[in-house]
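The values are calculated or read from the model by the stated rules, or taken from the named source; none is laboratory data. Nothing here was measured: the structure is a model prediction, and the numbers come from that model. Backbone-built Cβ (ideal geometry, glycine too); neighbour counts: all protein chains shown. The accessibility values were calculated without ligands, DNA or RNA, using every heavy atom of the protein model including side chains. Shrake-Rupley method; radii C 1.70, N 1.55, O 1.52, S 1.80 Å.
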Amino acid sequence: MSSDQQMLAAIAMKTNQDMRYFERIKAICGTKSWTCYICLGKHAVFFLQQDLTRRIHDGWQLFYAHIKGVVQDKTTRKWMRFELNDNKDENWETERLFVQSENRALLLQHLAVNWQTDYMWRLGRVSIFPLSTAEITTEKVEPVVLPFIDHSWREFNQYRFMLQYDFKDQPNAIQADNTGEYVNPQGVSVVVQVHEAMTLDQLTLLRRDHIRWVASEYRIQLVSEEKTFYILRNQQRQKRMNLTGDMSSWHGWEIIIRTPKAAIICLLSRRQYIPPVCNSAQDVGIIMRVPAGGENKDVPNFKQMLLEAHLISDSLCPEATSMPPYRDVVQAKVDALRYDEESFAWIKSHLKLDTRWRKHAKAWVKAILTIYVNDLGHGLGEDKGDDEEDLYEALEETCRMDDCGGDYDNDDSDDFQDATLEKIKDSMIDHLNDRTNASTLLKETDDDQDKVVQNRVRHYWQQRVARYLAWAVDGGVMGAKFTLDIMVQHITQLKEASFKKVESALSFMLHMREKDMDKRYQEAELIPQIRDQNLKDWTFNDRVMQAILSQEYLKKQLGRQKEAWYFECLAHLLQSNASTNLKAYVCRIFMERVVEKKDAQSEEANRRVVPALRDVLEEEGTFLATYASAALVNLSDGDEKVKTMLMSGGIAGLATQNLKTKDDELICYTLMLLVNLTKQPHHRSVIASGGLLPLLYDILTSTYHQCGASSPGKKVSSVSVAGGALKEKLLTQVCILIGHFAIDDGYRLQFLDKDLYGFTVKCLLYIFDCAPAPSPLMCWVMFALKQLCKDDPEQKQEIGAHCIKRMVERLQDKPHEKGPQFIFQSLLLFQMLATHPPNCQMMKRHSLNDVMSQTVDIPACKRGIKDFKEKVERLIADVERETCEDMLM
């Protein structure tokens, strides 16, 4: 993409006009030719020499009003001809200007928009861009790769891909072809969606810096109108072809969804580090919908269509097959530290370019490591074996290597072999103020507005320096031998003077500052900054913060007795503008928290973080909401005060909202949280009033058939494919919640009402038949059935007739392997069913007494079930009493 904002701003300084697009081209007019940059502004096209400082001639500004038409060559993808009118500048020798562009389609797209906008601005009416096609050159261009048999190349929005011949363009309301939608005679449809190219910084701000976040949005939209569905695949996928030698990096994601009417295959591809500037990415989505047919709603040609979808995605390639990187532009942006950490590594490996600050980065790492080695020894405080490499010697060797990717030996920079941390940092920061540096952007000025702008530039530069030095420490110089985690892990072992130096360096790399870049960065202690500030208005380096958290540096600095303060800091991080990965890591801290003995301090710590987690549930996407729900499940377990805070904070409405997202993981953890909250009658009342029961019934009736393991060799169908472990876990929580609500007579009667939730018992009985016997799902479905048949002879009769024989058979089959939970729930269900005399006859007939007597001696039941023997004996006595009374009658 040649619409890089920094480059356009720099070009605008030369042209005195806002720029929209630039590209390196070859231009021919009469007897003269130039290799130059074409720059599209608001009202004119500008032509600049390759150094972007000089014009190609005095007529370098070509107004759109002087372009009467553009002709594109139909034999090649590069050449076009500008038709100029009589008002053109005299420096253009003829009225025909030939232009060779590596990305002609994109250049013409921008040119058409600018030309039409300028036409409306000048004349106040609309006109279509005068674009035509003709044969300009005699050059014949063959395709780089011929398509597969029975396939053809299709083009859409600057990309090409292979597709079977029988797929035809599907017209829409706007145009008849080139819509990106294709349908074959069998009704299989393919939709290609090409997203707008964005810079990596823009993707980060939009929280779409990883393709998995885009995939999450696609998944939610694909199932938004589906009541019954299941996800067969949701994972990363590697692109398997590079048919045009594209130097960009490709990332993929695959989603396969099955609905009763169709199988949906969604393949996402991200083209990253797109030349020529290598700082942008573009997402392409391919959605194939394969309709189901037949009595069983199977998809007989599913495998064939899946391979076809993979071929479309793998053969995807840009139309511009030979777009070279602008190495001089990339080098300038690298020196300005305009790329992120991953981009630095990619540019160095693919373009062999490195920043001019490489020596400073090595010196920075060496200065830090020197402090560690002097204080802790070469092994960083650990026993050093004979074959362990000396880190200090490794760094010395690294510093002697000239791998900077350019000739910087002749610059005026100091020798940093023995420099201090402050000297290295100040040398980089003061580069903008160096009046002897010809490339400095900050000139002396007395204008107040210019000073404000210069200060802002200086503060942004300081922030980028801190980020670059953090990357250098985190493996950018020494790889895994020395990283931020290692640095933070051993920082508390340093001597006091050394600790202060390294802590200052760590604080600078973290670079916690206000988002208002007009204000100066002020170094301060980490803990007060996090505890006392509203971090929504602050920014910092997420990777450094994650190292501080993962190595428990923040927790150690606060002290073990100040857990509430520590949780308060974590809560502030959740409420900040931190990245998704950092917030997810903070949630994992709460998910993995184990409190051996709850006290006032641990309860206070929990209460301080609950509001922040609730905000994540409400404001963030499904991914973070899932992590926050899992964290709240752990924090609310056995903590009544946390439950009260959640209920008073409106968790019922948020839970209902999350259950409607159709994200299985989020739904599962939301149900687990509701399980914790519905143990109290007044909580159940509030949650039920929020609309939970209809959603619970909807989840049960749409998911119950996915409780068992799928049989090998079955076709893809909505009734034969298992939902997997996640579906079973989800159904387990549904059963627990039904059991909790069935404790109250009013809700139990609602579940048994045939006109309201009439299929509840039938779905539970289906799960009882199909779920694996020792699984948690089987245990809790018996719990739900027990609660539902309470005080209802008709339900006891139905459930007993269906379950008693099967339960006895399962207990007879290797009872020692069933586990105490299964045996205990079976016992409770037997006790409930035994209150109905006909069930006792059935239990007697199937020898329940003998089977239960065998379970008494199981060691796990003796240890895990309180008064187990007495309960079994009571059940046997009840059965014997009822059967004896019936015999006497």
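Being open to solvent by 10 Å² or more (accessible area, probe 1.4 Å), farther than 18 Å from Trp115 by Cα and in contact with a Phe, Trp or Tyr (Cβ under 9 Å, 6 or more places away or on another chain) is the filter here, so list the residues in region 10-31 that pass it.
Result: Lys14, Arg24, Lys26, Ile28, Gly30.
Would you check which residues across region 846-873 are over 22 Å from Cys884 (Cα atoms) and assigned to a helix (DSSP H, G or I) and list them? Can you show your working first?
Pass one, region 846-873, residues over 22 Å from Cys884 (Cα atoms): 854-869.
Within region 846-873, Gln854, Thr855, Pro859, Ala860, Cys861, Lys862, Arg863, Gly864, Phe868, Lys869 meet the criteria.
Going by what's in this entry, would Leu646 be described as assigned to a helix (DSSP H, G or I), buried (at least 19 other Cβ atoms within 10 Å of the Cβ) and free of Cβ contacts under 8 Å to residues at least 40 places away in the same chain?
On the way: assigned to a helix (DSSP H, G or I): yes; buried (at least 19 other Cβ atoms within 10 Å of the Cβ): yes; free of Cβ contacts under 8 Å to residues at least 40 places away in the same chain: yes.
So Leu646 fits the description; yes.
Output the residues belonging to region 207-225 that are among the polar types (S, T, N, Q) and outside any loop (DSSP other than H, G, I, E, B). Outline the logic, then answer.
Of the residues in region 207-225, the ones among the polar types (S, T, N, Q) are 216, 221, 224.
Scanning region 207-225 gives Ser216, Gln221.
Kindly establish whether Val334 is more than 27 Å from Asp485 (Cα to Cα), assigned to a helix (DSSP H, G or I) and open to solvent by less than 10 Å² (accessible area, probe 1.4 Å).
Answer is no for this residue.
Which residue is most open to solvent (accessible area, probe 1.4 Å), if the candidates are limited to region 347-394 and must be hydroxyl-bearing (Ser, Thr, Tyr) and at pLDDT below 90? Reasoning before the result, please.
Quick first cut of region 347-394, residues hydroxyl-bearing (Ser, Thr, Tyr) only: 349, 355, 370, 372, 392.
Of the ones still in play, those that are also at pLDDT below 90 are 370, 372, 392.
Values: Thr370: 35, Tyr372: 0, Tyr392: 64 Å².
Looking at residues that are hydroxyl-bearing (Ser, Thr, Tyr) and at pLDDT below 90, I get Tyr392.
Going through Ala197, Ala173 one at a time, which residue ends up being over 22 Å from the mean Cα position of the chain (by Cα) and either open to solvent by 70 Å² or more (accessible area, probe 1.4 Å) or modelled with pLDDT of 90 or more (or both)?
On the way: Ala197 fails: over 22 Å from the mean Cα position of the chain (by Cα).
Testing whether each residue is over 22 Å from the mean Cα position of the chain (by Cα) and either open to solvent by 70 Å² or more (accessible area, probe 1.4 Å) or modelled with pLDDT of 90 or more (or both) leaves just Ala173.
Report whether or not Trp346 is assigned to a helix (DSSP H, G or I), of a type in the set (Phe, Trp, Tyr) and out of contact with any strand residue (DSSP E or B) (no Cβ under 8 Å at 6 or more places or on another chain). If you could, list the steps in order and put the result at the bottom.
Values: assigned to a helix (DSSP H, G or I): yes; of a type in the set (Phe, Trp, Tyr): yes; out of contact with any strand residue (DSSP E or B) (no Cβ under 8 Å at 6 or more places or on another chain): no.
Judged against the criteria, Trp346 is not a match.
Among (1) within 22 Å of Cys29 (Cα to Cα); (2) without any contact (Cβ under 8 Å) to a residue 60 or more places away in the chain, there is one condition Ala134 misses while meeting the rest; what is its number?
For Ala134, the exception is condition (2).
Quick check on Ala625: is it open to solvent by less than 30 Å² (accessible area, probe 1.4 Å), under 27 Å from Leu232 (Cβ atoms) and either assigned to a helix (DSSP H, G or I) or among the acidic types (Asp, Glu) (or both)? Can you show your working first?
Values: open to solvent by less than 30 Å² (accessible area, probe 1.4 Å): yes; under 27 Å from Leu232 (Cβ atoms): yes; either assigned to a helix (DSSP H, G or I) or among the acidic types (Asp, Glu) (or both): yes.
Yes.
Counting only residues that are open to solvent by 10 Å² or more (accessible area, probe 1.4 Å), within 30 Å of Ala215 (Cβ to Cβ) and in contact (Cβ under 8 Å) with a residue 40 or more places away in the chain, how many does region 597-619 have?
Within region 597-619, residues that are open to solvent by 10 Å² or more (accessible area, probe 1.4 Å), within 30 Å of Ala215 (Cβ to Cβ) and in contact (Cβ under 8 Å) with a residue 40 or more places away in the chain number 2.
Can you tell me which of Asp340, Asp314, Asp328, Asp335 is closer than 27 Å to Phe156 by Cβ and of a type in the set (Asp, Glu)? Walk me through how you get there before you give the answer.
Numbers: Asp340 fails: closer than 27 Å to Phe156 by Cβ; Asp328 fails: closer than 27 Å to Phe156 by Cβ; Asp335 fails: closer than 27 Å to Phe156 by Cβ.
Within the list Asp340, Asp314, Asp328, Asp335, the selection yields Asp314.
Per-residue answers, yes or no, for (1) buried (at least 18 other Cβ atoms within 10 Å of the Cβ); (2) farther than 29 Å from Pro300 by Cα; (3) under 32 Å from the mean Cα position of the chain (by Cα):
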{"position": "Arg160", "(1), (2), (3)": "yes, no, yes"}
{"position": "Thr179", "(1), (2), (3)": "no, no, yes"}
{"position": "Arg207", "(1), (2), (3)": "no, yes, yes"}
{"position": "Glu225", "(1), (2), (3)": "no, no, yes"}
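Do the conditions hold for Trp565, that is, is it surrounded by 15 or more Cβ atoms within 10 Å (Cβ to Cβ), over 24 Å from Glu603 (Cα atoms) and either of a type outside the set (Lys, Arg) or in contact (Cβ under 8 Å) with a residue 24 or more places away in the chain (or both)?
Details: surrounded by 15 or more Cβ atoms within 10 Å (Cβ to Cβ): yes; over 24 Å from Glu603 (Cα atoms): no; either of a type outside the set (Lys, Arg) or in contact (Cβ under 8 Å) with a residue 24 or more places away in the chain (or both): yes.
Criteria not met by Trp565.
Name the pairs: first residue in region 289-306 and modelled with pLDDT under 90, second residue surrounded by fewer than 19 Cβ atoms within 10 Å (Cβ to Cβ), Cβ to Cβ under 6 Å, at least 6 apart or on different chains?
Short answer, once both residue conditions are applied: Ala292/Lys261; Asn296/Ser717; Lys297/Pro260; Lys297/Ser717; Asp298/Lys715; Asp298/Ser717.
Confirm whether Met247 is in contact with a Ser or Thr (Cβ under 7 Å, 6 or more places away or on another chain) and either surrounded by fewer than 21 Cβ atoms within 10 Å (Cβ to Cβ) or not hydroxyl-bearing (Ser, Thr, Tyr) (or both). Explain how you work it out, then say what you get.
Working: in contact with a Ser or Thr (Cβ under 7 Å, 6 or more places away or on another chain): no; either surrounded by fewer than 21 Cβ atoms within 10 Å (Cβ to Cβ) or not hydroxyl-bearing (Ser, Thr, Tyr) (or both): yes.
Taking the combined requirement at face value, the residue does not satisfy it.
Let's see how each residue does on (1) touching a helix residue (DSSP H, G or I) at 6+ places or on another chain (Cβ under 7 Å); (2) open to solvent by 30 Å² or more (accessible area, probe 1.4 Å); (3) over 20 Å from Thr133 (Cα atoms):
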{"residue": "His57", "(1), (2), (3)": "no, no, yes"}
{"residue": "His66", "(1), (2), (3)": "no, yes, no"}
{"residue": "Val71", "(1), (2), (3)": "no, no, no"}
{"residue": "Glu83", "(1), (2), (3)": "no, yes, no"}
{"residue": "Asn87", "(1), (2), (3)": "yes, yes, yes"}
{"residue": "Leu123", "(1), (2), (3)": "no, yes, yes"}
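Just to be sure before I move on: is Cys266 crowded, with 22+ Cβ neighbours inside 10 Å, modelled with pLDDT of 90 or more and in a loop (DSSP other than H, G, I, E, B) in the structure I sent?
On the way: crowded, with 22+ Cβ neighbours inside 10 Å: yes; modelled with pLDDT of 90 or more: yes; in a loop (DSSP other than H, G, I, E, B): no.
Answer is no for this residue.
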